[in-house]
Amino acid sequence: MGAVVRRPVAWVAAIVLLAEAVGFVFVNGLMATVVDNQQMSLAGLDPDAMSNGAWGAGFALGLYLVVCAVLLVRAAITDRGFGRVARPVLIGCAVLHGVLGALAVGLVGWTAFLFMMVVLALLVLALVAYGEPSKGRKRTPGAGSEAGAAGPAGAGPSAA
């Protein structure tokens, strides 16, 4: 897959992840505000702790998505693959979208599921497009050509 496909996929995936990061922070902030205003409690938990936890989770997930978007932008700009750290981070992001998609279909609906699956597809396509280079070895000049050209062992001029 050439740069014609992988660069636009990386750019689109990065833009979608940035928009999604803003959306997650907004939704978690909305939930935190509602919990705080209503003084809601779950199994006796402190409402302030629940509100702070929602804010923290929103910012943590938003930061994670921004980091993933930055990794995709770097790959799109340099047209180089992902390193040892970037690849597992993006694989984790893809798994997160798969799990959130499975949860979204029951909690939110099919539209949210479809959105999560599109983002998952973009991430997997970017990971595959910038995959590991082929393991084909390059032949260095003279690495194997003289051995075959010299004939059988002991037949050369130095055999005497």
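Kindly indicate whether Leu122 is closer than 18 Å to Val66 by Cβ and modelled with pLDDT under 95. Steps first, answer last, please.
Values: closer than 18 Å to Val66 by Cβ: yes; modelled with pLDDT under 95: no.
Criteria not met by Leu122.
Among (1) among the small types (Gly, Ala, Ser); (2) surrounded by fewer than 20 Cβ atoms within 10 Å (Cβ to Cβ); (3) in contact (Cβ under 8 Å) with a residue 60 or more places away in the chain, where does Ala10 come up short?
(2)
Find the residue count for segment 26-54, including only residues that are open to solvent by 40 Å² or more (accessible area, probe 1.4 Å), among the aliphatic types (A, V, I, L, M) and part of a helix (DSSP H, G or I).
Counting residues in segment 26-54 that are open to solvent by 40 Å² or more (accessible area, probe 1.4 Å), among the aliphatic types (A, V, I, L, M) and part of a helix (DSSP H, G or I) gives 6.
Residues checked against (1) loosely packed, with under 11 Cβ neighbours inside 10 Å; (2) in contact with a strand residue (DSSP E or B) (Cβ under 7 Å, 6 or more places away or on another chain); (3) more than 20 Å from Leu61 (Cβ to Cβ); (4) at pLDDT 90 or above:
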site	(1), (2), (3), (4)
Ala102	no, no, no, yes
Trp110	yes, no, yes, yes
Gly136	yes, no, yes, no
Arg139	yes, no, yes, no
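With the requirement that a residue be closer than 15 Å to Ala112 by Cβ and hydrophobic (A, V, I, L, M, F, W, C), what does segment 18-39 give you?
Matches in segment 18-39: Ala19, Phe24, Phe26, Val27.
Could you pull out the residue among Gly44, Gly29 that is of a type in the set (Gly, Ala, Ser) and farther than 22 Å from Ala60 by Cβ?
Values: Gly29 fails: farther than 22 Å from Ala60 by Cβ.
When all the criteria are applied, what remains is Gly44.
List the pairs whose first member sits in segment 42-67 and is over 17 Å from Val89 (Cβ atoms), whose second member is modelled with pLDDT under 95 and in a loop (DSSP other than H, G, I, E, B), and whose Cβ atoms are under 8 Å apart, counting only residues at least 6 apart or on separate chains?
That search, which allows pairs on different chains as well, returns Pro47/Gln39; Pro47/Met40; Pro47/Ser41; Met50/Met40; Met50/Ser41; Met50/Leu42.
The values are calculated or read from the model by the stated rules, or taken from the named source; none is laboratory data. Just so you know, these numbers come straight off a predicted model, no measurement behind them. Every residue, glycine among them, receives a Cβ derived from its backbone with ideal geometry; neighbour counts consider all protein chains shown. With ligands, DNA and RNA removed, areas are computed over all heavy atoms of the protein, side chains included. Shrake-Rupley method; radii C 1.70, N 1.55, O 1.52, S 1.80 Å.
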